[in-house]
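The values are calculated or read from the model by the stated rules, or taken from the named source; none is laboratory data. Here the structure is a predicted model, which means the values were calculated and not measured. Counting neighbours? That spans all protein chains shown, and the Cβs are built from the backbone with ideal geometry, glycine included. Areas reflect the complete protein model, heavy atoms only, side chains present, ligands, DNA and RNA absent. Shrake-Rupley method; radii C 1.70, N 1.55, O 1.52, S 1.80 Å.
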Amino acid sequence: MHNLTGVSRRRFIATTMLAAGFATALGALAQPAQAADWPDGPITIVVPFDAGGSADRMARTLADPLSKALGQPVVVENRPGGAGGLGATYVSRAEPDGNTLLLMQATPYLANAILMGGAPVQWEDFRLLNAQWNDYGIVAVHEDSPYQSFAELTEAMKEPGEVSSGIIYANGGHLQTLVIMDALDIPHENVRFVTYDGGSPLRAALAGNQVDFEILAAEGASSVMDSLRVLAVVNGSDPDDLGAPLMNDALAEMGAEPQPIIGGNVTGLMIPTAFAEEHPDRYETLLAAYQQVVESPEYAEAAEASGLGYDWIGPEDSQQMIDEAFDALSTYADVVE
């Protein structure tokens, strides 16, 4: 995975590379073996958010090389609304022939659209082909915070009203905070939760020392990281060597059981489950093409320069990852409604 530092520089490099004809280099990708009758026309990647966000950027970095690998045009279509629910619903109602795909944060956004947003779809309606970008969570405070460790922060949280936290209501960071508090038998009302409408004001509040702590996505926090102190990494590893303990290791030191990890964003290409069941040959063609693109050095360079992840985890492990997060989110859906 790429570092948290230098993201702006890498995005500038991405722009110049693309303008110089980067797509030509990706054109050298060989086409994988294809189903006899597919694809026979354009493929649409639906992004259920406005253009410009991380899911949209990922879809657009994939479109050209995936088109070359499959031998058919791949277009990106933005269908925002309902916190991702409208676009997901559109894909679920399309013919499950492989020509309409979904790209979004499986957790927490698709999960929350189903659990709390009222989207008329089921979790089982979709499969994640690959957890391409796990923008894991961090427990962070301002660099001037009196809390020097995760243990000091959680000890202060035991005092009602002592600690405040910035949240986007019912997002992964909010729910992960509740998970931690339950693991340590801290009442939810002890923390003063301050709600923000989006990631930018959320990060600004912590960078401005307006709240005591937040659980937020690591890559998303890169622009303000210089003003933060990371107390714990909400992940199974510390890929960027932030030097903080893993959340479950820190909890174990306080005598708590390991807890589910739901504080980050898991983003990748998704399909309707019916597509894999009804067209297994097409499914294998799409999966092979997607893997070929993500594992290519050319795509890795473009994704890193655009501030995106480019891991190949595979469908089985990726689905297990988000299923576990969905189960945890389901437990807390009623708590935050």
Global geometry of the stretch 38-82, whether rounded, prolate or oblate, following the gyration tensor of its Cα atoms and the 1.5 cut on a/c: oblate
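Give me the extension gain from D226 to E95: residue separation times 0.36 nm, minus the current Cα-Cα distance, reported in nm with one decimal.
Working: separation 131, 0.36 × 131 = 47.16 nm, distance 4.74 nm.
Full extension from D226 to E95 adds 42.4 nm.
With every protein chain left in place, what is the accessible area per residue of the stretch 247-297 in square angstrom, probe 1.4 Å? Spell out each step's value before the answer.
Details: 2040 Å² over 51 residues.
The answer is 40 Å² per residue.
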Solvent-accessible surface (1.4 angstrom probe) belonging to D334, in square angstrom, nearest 10: 120
Most positive-pole-ward Cα, W133, Q72, G307, against dipole of the chain from beta carbon charges: Q72
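Report relative contact order for the stretch 229-337 in percent, whole number only (criteria: Cα-Cα under 8 Å, sequence separation at least 6).
On the way: 59 pairs, mean separation 19.6, N = 109.
Taking the mean separation of contacting Cα pairs over the length of the stretch 229-337, I get 18 percent.
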Largest to smallest principal axis extent of the C-alpha atoms in the stretch 176-300, angstrom: 53, 32, 30
Carbon plus sulfur fraction of accessible area for the stretch 129-227, probe 1.4 Å, in percent: 45
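For the chain, what's the relative contact order in percent, using C-alpha pairs closer than 8 Å and at least 6 residues apart?
Working: 648 pairs, mean separation 92.0, N = 337.
Value for the chain: 27 percent.
Determine, from the Cβ-Cβ distance of D37 and Q320 and an R0 of 35 Å, the FRET efficiency 1/(1 + (r/R0)^6), rounded to the nearest 0.05.
Details: r = 32 Å, r/R0 = 0.90.
Rounded to the nearest 0.05, the efficiency is 0.65.
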Two-site label geometry, A51 and S200: point separation in nm, points 7 Å out along Cα→Cβ: 1.7
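Check each of the GluC sites (Glu not before Pro) in the stretch 131-181 and keep only those in coil by DSSP with at most 14 other C-beta atoms within 10 angstrom; list them in order. All intermediate terms of the calculation are to be shown ahead of the outcome.
Numbers: sites: E143, E152, E155, E162; in loops: E143, E162.
Hits after loop and neighbour filter: E143, E162.
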The stretch 50-199, relative contact order [Cα under 8 Å, separation at least 6], %: 16
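Explain nothing, just the number: dipole magnitude of the chain about its Cα centre with +1 on each Lys and Arg Cβ and -1 on each Asp and Glu Cβ, in debye rounded to the nearest 20.
Numbers: 14 positive and 47 negative charges, 242 e Å.
Its charge dipole is roughly 1160 debye.
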Value of D in µm² per second that Stokes-Einstein yields for the stretch 146-240, Kirkwood Rh from Cα pairs, at 20 °C (1.002 mPa s): 158
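Express as a percent, rounded to the nearest 5, the fraction of DSSP beta bridges in the chain (both residues included) that run antiparallel.
Numbers: 21 of 35 bridges.
If we restrict to bridges inside the chain, about 60 percent are antiparallel.
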Binned Cα-Cα distances of the stretch 84-178, short to long, each 10 Å bin given as a whole percent: 13, 35, 24, 18, 9, 2
